[in-house]
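Engineer: Structure provided below as structure tokens; questions to follow.
The values are calculated or read from the model by the stated rules, or taken from the named source; none is laboratory data. In this text, all values refer to a predicted model and were calculated from it rather than measured experimentally. We place every Cβ from the backbone using ideal geometry, glycine too, and count neighbours over all the protein chains shown. When the accessible area is computed, the model is the full protein with side chains, heavy atoms only, and any ligands, DNA or RNA have been set aside. Shrake-Rupley method; radii C 1.70, N 1.55, O 1.52, S 1.80 Å.
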Amino acid sequence: GIGDEGMGLTGDGTYPYTAYEGLDFPTNLAISSIDFGTAHLYPIQWGLTSDPVGWGSSWITNHYNVQQQLNKPVILEEFGVTSNQYSTYQTWLSKVVSSGLAGDLIWQAGSSLSGGTTPQDGYAIFPSDSTYSLLTSHSAALKARG
């Protein structure tokens, strides 16, 4: 896999779609020794604050399009928002399933340990959070999709 943010592809021309960071997602994924691609999704941290949920859904769709063009799986390797997690993730995870993107991984899973909780950078989802149940349902939907 590539392990990058998935930047530099056709889209709306905002910063993550440009090759400003020196990335060209489709070209890199087309390298014959690369078997799958990855993308990150942090629209608010990337300065896309007017509609981060809608922007993120388009980002997922555009990466799925590259997945289809190159016939190589793409996963949303890490993603996050620090507020409105449930509603944002509900939309994005639904888009992952409906688009056919290969899969996704959150950033980050939180745990309660004997010495306290794991580090929390604002993105952590703990088993006691409502978003956690959304993730378990989403995992079942991905598994059922096959």
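Engineer: On the basis of being out of contact with any His (no Cβ under 6 Å at 6 or more places or on another chain), open to solvent by 20 Å² or more (accessible area, probe 1.4 Å) and modelled with pLDDT under 95, does residue 12 make the cut?
Structural biologist: Details: out of contact with any His (no Cβ under 6 Å at 6 or more places or on another chain): yes; open to solvent by 20 Å² or more (accessible area, probe 1.4 Å): yes; modelled with pLDDT under 95: yes.
Answer is yes for this residue.
Engineer: Between residues in region 40-55 that are polar (S, T, N, Q) and residues that are surrounded by 13 or more Cβ atoms within 10 Å (Cβ to Cβ), which pairs lie under 8 Å by C-beta distance while being six or more apart or on different chains?
Structural biologist: 49/43
Engineer: Taking region 62-103 as the region of interest, how many residues are among the small types (Gly, Ala, Ser) and open to solvent by less than 30 Å² (accessible area, probe 1.4 Å)? Outline the logic, then answer.
Structural biologist: Step one: filter region 62-103 for residues among the small types (Gly, Ala, Ser), giving 80, 83, 87, 94, 98-100, 102-103.
Still in the list and also open to solvent by less than 30 Å² (accessible area, probe 1.4 Å): 80, 99-100, 103.
Total meeting the criteria: 4.
Engineer: Right, here's the next one. If you scan region 104-146, which residues turn out to be open to solvent by less than 70 Å² (accessible area, probe 1.4 Å), in contact with a helix residue (DSSP H, G or I) (Cβ under 6 Å, 6 or more places away or on another chain) and small (Gly, Ala, Ser)?
Structural biologist: 141
Engineer: Yes or no: residue 53 farther than 18 Å from residue 91 by Cα and either in contact with a helix residue (DSSP H, G or I) (Cβ under 7 Å, 6 or more places away or on another chain) or open to solvent by less than 40 Å² (accessible area, probe 1.4 Å) (or both)? Talk me through it step by step, then tell me what you get.
Structural biologist: Details: farther than 18 Å from residue 91 by Cα: no; either in contact with a helix residue (DSSP H, G or I) (Cβ under 7 Å, 6 or more places away or on another chain) or open to solvent by less than 40 Å² (accessible area, probe 1.4 Å) (or both): yes.
Answer is no for this residue.
Engineer: Give region 15-30 a look and list any residue that's open to solvent by 70 Å² or more (accessible area, probe 1.4 Å) and either assigned to a helix (DSSP H, G or I) or modelled with pLDDT of 95 or more (or both), or say none.
Structural biologist: From region 15-30, those open to solvent by 70 Å² or more (accessible area, probe 1.4 Å) are 15, 20-21, 27; that's our starting set.
Matches in region 15-30: 15, 27.
Engineer: Read through the list (1) free of Cβ contacts under 8 Å to residues at least 40 places away in the same chain; (2) farther than 22 Å from residue 120 by Cα; (3) open to solvent by 60 Å² or more (accessible area, probe 1.4 Å); (4) not in a helix (DSSP H, G or I), then give the number of the only condition that residue 4 fails.
Structural biologist: Going through the list (1) free of Cβ contacts under 8 Å to residues at least 40 places away in the same chain; (2) farther than 22 Å from residue 120 by Cα; (3) open to solvent by 60 Å² or more (accessible area, probe 1.4 Å); (4) not in a helix (DSSP H, G or I), residue 4 breaks only (3).
Engineer: Checking residue 44 against (1) open to solvent by 60 Å² or more (accessible area, probe 1.4 Å); (2) in contact with a Ser or Thr (Cβ under 8 Å, 6 or more places away or on another chain); (3) in a helix (DSSP H, G or I), only one condition comes out false. Which one?
Structural biologist: The one condition residue 44 does not meet is (3).
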